[in-house]
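Taking it in order: structure first as structure tokens, then the write-up.
The values are calculated or read from the model by the stated rules, or taken from the named source; none is laboratory data. Since we're looking at a predicted model, the values are computed, not measured. Here Cβ is always computed from backbone atoms with ideal geometry, including for glycine, and neighbour counts include all displayed protein chains.
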Amino acid sequence: MTPPPDDPRAPRRPSRPGTAAGWAALALAVAAIVVLLAIPFVGAATGRVEGLLSSNTQVRVSSSATVLEPGDRACVRGVYVPDGARVVRVYPGYVAERSPTLRFTVRGDGGRVVAGRATRFATGEPLLVDLGPLPTSASATVCVHNRGPSGVSLAEARGHFGAAEARPPIRVGILSGDHPRAVALVDDALERAGLFKSGIVTPALIVLLGLAVLVGVVGALVLVLRDEEGPSS
Amino acid sequence: MSALLRRLPLAAWAIVLVAFLHGAAWSVLTPSFQGADEIAHWGYVQYVGETGKTPDRSSRFAEPARDALAVLDGMPWSIDGQPSWSEEADRRTDALVDRLDDDRANRIDKDGAAYQASNPPLYAYAMAVPYRVTGWFGGDVLDRMLAVRLASSALGALAVLFVLLLLRELFPRRRLAWYVGGLAVALQPVFGWLIGSVNNDIPVLVSGAALLWLVARTHRRGLSPGIAAGLGAAVAVGLLSKVSAYGLVAVLAWSLVFLVWRERARWRSAVPLAGLALAVAVVPLLVLDLVRDIGAATPAPDTGVVREGAAATVADPAAAAPSRSPRDFLSYLWQFWLPRLPFMDDQFSTYPTYPVWETYVQAFAGRFGWFAYGFSPEASRGMVVVLAALIAGAGVALWRRRVALRARFGLIVALVGGFVGYAVMVNLRGWQYRIDTRGENFEQVRYLFPMIGLYGALVGAALLALPDRWRRTAVVLVVLAATLHVLASWGVTLQRYYM
């Protein structure tokens, strides 16, 4: 019986692919592709704006901003304020050399209002303002009033359907304390992750599945390392 | 096949389990309808699950059934907006969903599938099973969605099983190489996110992975009627789930050329077997097309739901339709992958930077939730380093084994060429889509995932570039890095939606 042409036992023929020249050509082609693909990355610093990626329907280049001139006010309704929250977070974009004074108010469901102000802040960093204990609310109204002397741009919550007025709503976050780290927010985050899902999706289940992945990885790794190298069947 | 599976070591099954758990974790973490195009995919599954029929293709907009719409409207944020969670709104929505669930009419909308309705129905019919079973136990729309997401995760794990079988064919005496390749795929965060959602890309992943495995198996063991039918069936599953899976036919055809060449001494039997494979692949779709006019006039999708506030698209209605000439396609293809040459019209002027970088590399590093968030471009550059290291490592390993691999040169060319052909077919679909929609972009990294087995092969081959004594350490480091990548992806997801 004649072995098939690709069988190692088959006689070598200089014309077939797989000769040194064939491999060299393949290596050359791959090297050329790699070099060509690398060109964009080497020259990536073109000053063009990097942004979020596309879906089938949109390319979002960057977050939009709304400009608050001195005297302007922007409000967002329907903001959930959990128990123990103290801090309002907004995202200033461009800030003039002398930053304006921003007055923040949070009006709770029961009408209680908490206010505070921020006077010095920098461009491009989240602005966190500690207003003290905020009124726990399912649907609070958060307002920012620019007291001057200069304008400020604030990131918008794009596509938010709960706009309180004609002006697009600004992006507002409510945090539970001073400069909280992400770890401090995990509890809340997991609670929220269980909302608007099947009743069996609870924070415990989410954590359990996350741990199951980690345990599974460790278990698989142990099995992999215990398995001797050799023929697979 | 069953004997084949019985011979799989326990470690391989553990990797398959990890893949399922990974998808399951994403399925509970991702908010409802935040998978890619999940509103329309859900509409398709729900319509088939409720009526047993395929939906109409009359609408480009998704008009979800009342129970799904109650969830969408109950959530105090939009697809594109900033979440503002409320337990009270959640309770209100739960109560409304319970009430709506009592009347079957609230679960049916013929336009729920919208632009996805032009796709073949295999995935929707498969997912109708968990949909209905959950309903028998009193589950509402949210319970059913979780059940379908979990079933999709199981399909994704099946894809990983085929990837492992492929790697076993490629590295028969190097188990560490196929294990590490399988783990790299199982722990790829975008893969995990995708299989944890409702999406008809998932059966195409299974299809692609099975096809690559069978191609590799055939190169080692020869073409037989069973294998030929298997090759065709693998492609048929993809084609019956998604129109744009036709790139798999190109992979199959390309592979068959090499398989027939390999067996040219008995070409009289090899050629009919190749014909059999192609027939099994495409005839079911052609038959279905006669019945249902598959894929005709796919309407351009919108962001999902008919109501105000839909995000703007990049399409310019006033723009002239791009040309359909082959020259323009070649220009499009070039510009997608490579820097534009001076004499070419700019076909990607709406991209902030380079298409391949934004669409494939950044997205492979991590883009989730309608591809609207992920890692920063700076962090994504790490993926370039990783991919470059993997390609270099695999190149070194191949070069060192060039004599031993002489007999498998045809297989390597078939697989690499298959990937190139598949990627070109995705671009071809993207080009057509761009013409049809006057400028919207199509390509996304998930469309390359049917070839993800080759990513596993790349990782496995790169491992073989290392000396024996370093390989186990390298496996641990690779798995550690992949796990940290998953954790970071969950972190950005928690931050995006819930913090």
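For the reader, a short list of remarks on this structure follows.
- Tabulated pairs, region A:193-216, first facing another protein chain (nearest Cβ under 7 Å) and on the phi > 0 side of the Ramachandran plot, second part of a loop (DSSP other than H, G, I, E, B) and crowded, with 18+ Cβ neighbours inside 10 Å, C-beta under 7 angstrom, 6+ apart or interchain: A:Phe196/B:Pro31; A:Phe196/B:Ser32; A:Phe196/B:Met75
- B:Gln46 meets the conditions (1) at the interface with chain A (Cβ under 9 Å from one of its Cβ atoms); (2) surrounded by 24 or more Cβ atoms within 10 Å (Cβ to Cβ) in every case but one. The failed one is (1).
- Between B:Leu411, B:Leu398, B:Leu405, the distinction of being in contact with an Asp or Glu (Cβ under 9 Å, 6 or more places away or on another chain) and under 30 Å from B:Trp261 (Cα atoms) belongs to B:Leu411 only.
- Where helices (runs of 4 or more DSSP H) fall wholly inside region B:185-240, the ranges with 2 or more residues that are closer than 27 Å to B:Val386 by Cα and of a type in the set (Gly, Ala, Ser) are B:201-221.
- Number of positions in region B:361-384 that are within 19 Å of the chain's Cα centre (by Cα), in a helix (DSSP H, G or I) and either small (Gly, Ala, Ser) or at the interface with another protein chain (Cβ under 7 Å from one of its Cβ atoms) (or both): 4
One line per residue, one yes/no per condition, for (1) farther than 27 Å from B:Leu183 by Cβ; (2) of a type in the set (Gly, Ala, Ser):
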residue: B:Ala407; (1), (2): yes, yes
residue: B:Gly410; (1), (2): yes, yes
residue: B:Val416; (1), (2): no, no
residue: B:Gly453; (1), (2): no, yes
residue: B:Leu463; (1), (2): no, no
residue: B:Arg469; (1), (2): no, no
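- Per-region count, region B:241-252, residues in contact with a Leu (Cβ under 7 Å, 6 or more places away or on another chain), part of a helix (DSSP H, G or I) and touching a residue at least 60 places away in the same chain (Cβ under 8 Å): 4
- Assessment of region B:262-273 against the conditions (within 13 Å of B:Thr218 (Cβ to Cβ), part of a helix (DSSP H, G or I), basic (Lys, Arg) and within 13 Å of another protein chain (Cβ to nearest Cβ)) yields at least one matching residue.
- For region B:348-360, filtered to residues that are crowded, with 21+ Cβ neighbours inside 10 Å and more than 18 Å from the chain's Cα centre (by Cα), the residue that is nearest to B:Val426 (Cα to Cα) is B:Pro355.
- The residue list A:Gly124, A:Gly148 contains one member that is at pLDDT below 75, on the phi > 0 side of the Ramachandran plot and assigned by TED's automatic domain parsing to the domain that holds A:Gly71, which is A:Gly124.
- A:Gly177 modelled with pLDDT of 80 or more, part of a loop (DSSP other than H, G, I, E, B) and surrounded by fewer than 17 Cβ atoms within 10 Å (Cβ to Cβ): no
- Of all residues in region B:396-418, those being in contact (Cβ under 8 Å) with a residue 40 or more places away in the chain and part of a helix (DSSP H, G or I) number 12.
- Any hit, region B:448-465, residues being within 11 Å of chain A (Cβ to nearest Cβ), crowded, with 16+ Cβ neighbours inside 10 Å, among the β-branched types (Val, Ile, Thr) and in a helix (DSSP H, G or I): no
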